[in-house]
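I have placed the structure first, in the form of structure tokens, so that the comments after it can refer back to it.
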Amino acid sequence: MNTDSQYPQVERAKNDAPASPSRNDWRRSVLLAGVLLLLALAYTASRDAHAVTYKWVDDKGIVHYSDKMPADAVNRGHVELDKQGVHLKKTDAALTPEELRVRAADVERQRQEAKEREVLARRDRALLASYTREEDLDLARQRALTTIDGQMQSARVYAAALVKRQQEILEKKPTAGNKGAPSALERELENVEAELTKTNALIETKKQESIGVATKYDIDKQRWRMLHVNAELAGSIATSQAGGSAVNVLPTSATR
């Protein structure tokens, strides 16, 4: 009885015994191989999904397709395509030095034009704020020209006095047979002639200034008229639109 009762214990001991080391290693190897296979498949699928074909045109107009851009064509414009030929991305060709120069000149031209428009807008605002009537421009023009004319008249009177003094000094000069004019007269004559030259130059400058002022006010007057016509036209359009809305609303209200 004792011997028979030990058999179940022996059987249970066999079943409870740990697996052999070789069997565990085999299981781990199979599991690792499966993981590596899945990773390889995922990498391949990802690479295929992101595979890109480059399309570009050479100098002869021939279209090329490749999985990467050649070194001598990296600056060319190209299109990236996926496996189905769908456009993913377009890259423009790199600009040449001449194209860069033209683009920079165009940007500078646009900047200058914007600056000029802003200056003109400021002048228009100042013009409308300074003169409420056309007659105000005429009065301002007349005042400016009167001031310049007064300055020219004063300069002419001064020039006439200088000419008179010049003649007096010349009359006092000794004749050619004498030893020469006194040094004081010579110095005064030089000063008078230099002052006369400056005064005549001032008179000429004031003449040009008078022409410029008259031209400026004439241009401002034309601009003022145009701005007011545009403002009146815009106001008429706004009033007409507002009146049209009112006309459309009134019959509806009356119908109700």
Whole-Å semi-axes of the ellipsoid equivalent to the stretch 92-225 (Cα gyration tensor, √5λ, descending): 54, 29, 8
Inter-probe distance in nm under a simple model that places probes 7 Å from Cα toward Cβ, at Val63 and Val79: 0.7
Cα-centre dipole for the stretch 55-168 with unit charges at Cβ (Lys and Arg positive, Asp and Glu negative), debye to 20: 340
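So how much slack lies between Leu100 and Ser183, counting 0.36 nm per residue of separation and subtracting their Cα-Cα distance, in nm?
Details: separation 83, 0.36 × 83 = 29.88 nm, distance 6.96 nm.
Additional length available on full extension: 22.9 nm.
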Virtual spin-label span in nm between Leu139 and Arg156, 7 Å along Cα→Cβ: 2.8
Computed E for Leu88/Thr146 - FRET, C-beta separation, R0 51 angstrom, nearest 0.05: 0.10
Potential extension, Asn200-Ala242 segment - 0.36 nm per residue separation minus Cα distance: 8.8 nm
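Read-outs: derived from the displayed coordinates by stated rules, not from any lab. Predicted, not measured: the structure shown is a model, and the values here were computed from it. So basically every Cβ, Gly included, is an ideal-geometry build from the backbone, and we count neighbours across all protein chains shown.
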